[in-house]
Structure formats: C-alpha cells, structure tokens
1. For a quick protection proxy, order the peptides 47-57, 33-43 by their average other-Cβ count within 10 Å, most packed first.
2. Report the full-extension gain for the segment residue 47 to residue 32: residue separation times 0.36 nm, less the Cα-Cα distance, to one decimal in nm.
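Values quoted throughout were computed directly from the atomic coordinates according to the rules given, and no laboratory measurement underlies them. Just so it is clear, the structure is predicted and the values come from calculations on it, not from any experiment. Cβ atoms come from the backbone with ideal geometry, glycine included; neighbour counts cover every protein chain shown.
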Amino acid sequence: MSRHAAVREARPARPSTGDAALRIDPSVCDGVGICAHLAADLITVDSWGYPIVRAEPLRSGSERRQAEAAVAACPRKALRITG
C-alpha cells in the first residue's frame, strides 16, 4: 500500500453535506464577526455586526469546510451544523 493510500484510509470519512445546514443561536451570539470572515459564502452581517446565516442547506464540500471553520472559531459557540 502506498503512503498516500494509507493516509487516505486513516483519515476519517467526512459526512456528506446532504441536508446539513449552518445554524445560529442568536441569544448566545455577541456579534464578534469571526464567522462572517471564515464563512463568507454562508454568512453576512447586519448593521450591528450580528451574523445572518443563509437558510439553505450546505451545497458543497467548500461550504461544509467554511461552516466547520466558523463553528470551531466562534468564541461563544453560537453556531452549529445540523443534519
């Protein structure tokens, strides 16, 4: 087995995007804005700097990676991926 094949086998399988969506708990959010920078395709901010999350499901691996980065970086843990 080649080294690259071994690495691919050792890597955990990513769940498919399917019906996964990025969601926010607005009661927890402080409007820091890190999420909007990390997931620019999924999140915009309002005039006070609070995120507005796109309602549609994640459509690609790129959107999934952006969502995961935003969830991981949120200082208040206000974001989650559903589905």
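1. 33-43, 47-57
2. Taking 0.36 nm per residue and subtracting the Cα distance, the gain is 4.1 nm.
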